[in-house]
Amino acid sequence: MLESKIFSYLLSAVAVLVALSPIILIHEFGHFIVCRLTGIRVKEFSFGLGKVLWYKKKGRTKYCIRAVPFGGFVNPAGEMFVDAKEGKRAPKNYEFASKKWWQKFFMVVSGAFMNYVLAFVIFTALAFATGQLVQDPAKMPAAVDTVVSGMSAEKYGVKPGDVIVSLNDAQVRTWQDILDGVKKINGDFNLSYRRGDEIINVKVAYAGFKASGNLIGISPKAVYQRATIFSAIGDGAYQCWHWTAFSLSSIYKSFAARKAPDLAGPVGIVNVIHKAVHTSVLDYIWLIGLLSLAVGLFNLFPIPVLDGGYALMFLWEGVSGKAPSEKFVQKSLNAGLVLLILLVLYATFGDVKRIIKSPAAPAAAQQPAAQDKK
């Protein structure tokens, strides 16, 4: 028993490293390649933090692997901002500050762009290998995949694997029939479902159904269809768009409702990786893609110290024709660092609360689909 727990923890630790390493490397490679394309000299390209374990110098760039396998950085030559009023020398043509505003802008956003590229490649490869998730409820069988605790379906005995055969005495063949039937409910209703060879009929009280927000509390089984390379590419692009729109919409709705947004911090990320690697290889690979997208999106937020904060400053330089002063930049970075620390603490507190409340919560679904709870 002890040995199995130790193996489980070791597997999770390795899974965290394997999941985060390509995300970090591809992000820094994005910065590196744009530096090379724009003529910015790169002094160091490092994976990890802390003491240098291994390095190789090629040309004027030092490639390093450091002791702590989290994080990484590209160190371009020169400073990011040079204020002539401070009496500093003009930057040399291979230094970062010498470049045009749009070159600097693309350098700082290139890391996030490459995170999106990685996510797109993973989503596309999975869609081609496993098939595309059917989005049309009319093409999805009325088979139950999950049952939400406390809602009507659970109270009346529905279990994962059951098949809904009728709703309010109307025959059900597809998930669309369920969606249409739920809209017509305005009182107590009959629900019939098949478990093996047995048909079970129950009468559901409308009061409990209404109290659940008119949700029965079930979600459909995922159904996949064979994908061509072109449809897989379309699915990969859709996944990137879907999760970006979903994340931004969730944050907007939280602020619009004057509620604190639900964020995942380091503890939450490690926890979801732990669950995914113990669920299936495909779930784990898909999660790497989702995390890469999340890292890319978060880095684009206009917070100083993040890539998005720097990008905003370079956009201002392009619009106004002058770079922000070093004093303004330093004050902005200090404020951004404080905000970032507070966000991490807040997210970590939320992670711990979720783990305590739901220690056995299932891993995230493999792909977004028409799997809304009904």
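Just so you know, all these numbers are worked out from the coordinates, no wet-lab data involved. Here the structure is a predicted model, which is why all the values come from computation and not from measurement. Note: ideal-geometry Cβ built from the backbone for every residue, glycine included; neighbour counts use all protein chains shown.
Starting at the first residue of region 112-122, write each ³J(HN,Hα) from the Karplus equation 6.51 cos²θ - 1.76 cosθ + 1.60 with θ = phi - 60°, in whole Hz, x for Gly and Pro.
Per residue, the Karplus-derived 3J(HN,Hα) values read 5, 4, 5, 4, 5, 4, 4, 4, 4, 4, 5 Hz.
With each run of n ≥ 4 DSSP H residues scored as -39500 (n - 2.57), what mean residue ellipticity at 222 nm is computed for the chain after dividing by its residue count and rounding to the nearest 500 deg cm²/dmol? Mind dumping the intermediate values first?
Numbers: 10 runs with 191 residues, N = 374.
Helix-only estimate at 222 nm: -17500 deg cm²/dmol.
Among VAL68, VAL202, VAL163, which one moves the most in a GNM of the chain with springs linking Cα atoms closer than 10 Å?
Among VAL68, VAL202, VAL163, the largest mean-square fluctuation in the Gaussian network model of the chain belongs to VAL202.
From the C-alpha gyration tensor of region 1-70, pull out the three semi-axes of the equivalent ellipsoid (sqrt of 5λ each), sorted largest to smallest, in whole Å. Write down the numbers at each step before the final one.
On the way: eigenvalues 218, 37, 8 Å².
Each semi-axis is the square root of five times an eigenvalue, giving 33, 14, 6 Å.
Can you give the direction-averaged projected area of the convex hull of the alpha-carbon atoms in region 274-331, in nm²? Intermediate values should be presented prior to the final figure.
Working: hull surface 20.9 nm².
For region 274-331, averaging the hull's shadow over all directions gives 5.2 nm².
Report the relative contact order of region 18-86, percent, no decimals, based on alpha-carbon pairs under 8 angstrom and at least 6 residues apart. Walk me through the intermediate numbers first.
Numbers: 112 pairs, mean separation 23.0, N = 69.
Over region 18-86, the number comes to 33 percent.
What angle do you read, to the nearest 10 degrees and between 0 and 90, between the alpha-carbon axis of helix 266-277 and the longest principal axis of the chain?
On a 0 to 90 degree scale, this one is about 50.
Which one, SER8, ASN115, ALA143, projects farthest toward the positive side of the charge dipole computed for the chain from Cβ point charges (K/R +1, D/E -1)?
Of the listed residues, the answer is ASN115.
For P(r) over Cα pairs in 10 Å bins from 0, in percent, the listed values are [x] 5, 25, 36, 27, 7, 0; [y] 5, 21, 29, 30, 13, 2, 0; [z] 5, 18, 25, 23, 15, 8, 5, 1, 0; which was obtained by calculation from the structure presented?
Computed from the coordinates, P(r) over Cα pairs in 10 Å bins from 0, in percent corresponds to [z].
Above 17 Å lies some portion of the pair distances; for region 146-281, what is it as a whole percent of all C-alpha pairs?
Details: 6699 of 9180 pairs.
Summing the P(r) of region 146-281 above 17 Å gives 73 percent of all pairs.
Compute the separation of the alpha-carbon centres of region 4-45 and region 121-141 and state it in Å as a whole number.
The two parts, judged by their Cα centres, are 28 Å apart.
Select from ALA207, ALA138, ALA237 the residue whose mean-square fluctuation is largest in a Gaussian network model of the chain (Cα-Cα springs shorter than 10 Å).
Largest GNM mean-square fluctuation: ALA207.
If the only charges are +1 at each Lys and Arg Cβ and -1 at each Asp and Glu Cβ, what is the size of the charge dipole of the chain around the Cα centre, to the nearest 20 debye? Please report the intermediate quantities before stating the final value.
Numbers: 42 positive and 25 negative charges, 268 e Å.
Dipole of the chain, to the nearest 20 debye: 1280 debye.
What do you get when you divide the Cα radius of gyration of region 138-220 by 2.2 N^0.38 Å, with N the number of residues?
Values: Rg = 11.3 Å, N = 83, 2.2 N^0.38 = 11.8 Å.
Here the answer is 0.96, to two decimals.
Build a GNM of the chain with springs between Cα atoms under 10 Å: which of MET313, MET140, MET151 gets the top mean-square fluctuation?
Comparing MET313, MET140, MET151 in the GNM, the peak value goes to MET151.
Report the dimensions of region 105-157 along its three principal axes from the alpha-carbon atoms, largest first, rounded to Å.
So the extents along the principal axes, rounded to whole Å, are 57, 27, 17.
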